[in-house]
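A short write-up of the structure that comes next.
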């Protein structure tokens, strides 16, 4: 009778899963530290300590701090864009769907303010540090693709009146999202950000202002 060799069970998760989770944790921790301290003041040592890693482990994933910063940007933008894409999945008018994007932005801000804090700081960091500017240029052009989709759908549905330039609407919506992101970062006040979002949604719905009362002399 042939004796079977005992089967050795592998305890724990596959190494690939551990590696992915470690990388994602590293990106999340790095984002919070970059948002708090800025690129120049942040060190791999401070990130490693916060992430529970060694500095050598960081270099295993990212050869330089600049490449880590760019990876953090791509990761943060992916999180934001994914939430916004989900917000516009349901059909509706441009104003209705953009209103849902504003809700998603408010929810993200309340859950993790470092997303807004990091993204807002990126243009400033690019001016201060040419090494990250060169790496960021190709990936920054991919941000907020949902806005182009919103405007294209509005054009297809014949929502715009004559004379409206779709690209100008894209610029407007981008500026609105960016401006509210800056507001949330500067004030660090979620309630204030939420109130601004509510006011804008009422404005889009035509429910914010009324015709002024005419006083007869």
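The values are calculated or read from the model by the stated rules, or taken from the named source; none is laboratory data. No experiment lies behind these values; they were computed from the predicted model shown. Note that we place each Cβ from the backbone using ideal geometry, even for glycine, and neighbour counts take in every protein chain shown.
What's the number of the condition residue 191 fails, among (1) surrounded by fewer than 16 Cβ atoms within 10 Å (Cβ to Cβ); (2) in contact with a helix residue (DSSP H, G or I) (Cβ under 6 Å, 6 or more places away or on another chain); (3) at pLDDT below 95?
All conditions pass for residue 191, except number (2).
Looking at 151, 164, 120, can you tell me which residue is at pLDDT 95 or above, out of contact with any strand residue (DSSP E or B) (no Cβ under 6 Å at 6 or more places or on another chain), farther than 15 Å from residue 66 by Cα and in a helix (DSSP H, G or I)?
Sole residue among the options that is at pLDDT 95 or above, out of contact with any strand residue (DSSP E or B) (no Cβ under 6 Å at 6 or more places or on another chain), farther than 15 Å from residue 66 by Cα and in a helix (DSSP H, G or I): 151.
What number goes with the only condition from (1) in contact (Cβ under 8 Å) with a residue 40 or more places away in the chain; (2) surrounded by 15 or more Cβ atoms within 10 Å (Cβ to Cβ); (3) assigned to a helix (DSSP H, G or I); (4) in contact with a helix residue (DSSP H, G or I) (Cβ under 7 Å, 6 or more places away or on another chain) that residue 143 does not pass?
The one condition residue 143 does not meet is (3).
Taking residue 49 as meeting all but one of (1) in a helix (DSSP H, G or I); (2) surrounded by 14 or more Cβ atoms within 10 Å (Cβ to Cβ); (3) in contact with a helix residue (DSSP H, G or I) (Cβ under 8 Å, 6 or more places away or on another chain); (4) without any contact (Cβ under 8 Å) to a residue 60 or more places away in the chain, write down the number of the exception.
(3)
For region 58-70, does any single residue satisfy the condition of being assigned to a loop (DSSP other than H, G, I, E, B), surrounded by 19 or more Cβ atoms within 10 Å (Cβ to Cβ) and out of contact with any strand residue (DSSP E or B) (no Cβ under 8 Å at 6 or more places or on another chain)?
yes
Report yes if residue 78 is within 24 Å of the chain's Cα centre (by Cα) and modelled with pLDDT under 95, otherwise no.
Answer is yes for this residue.
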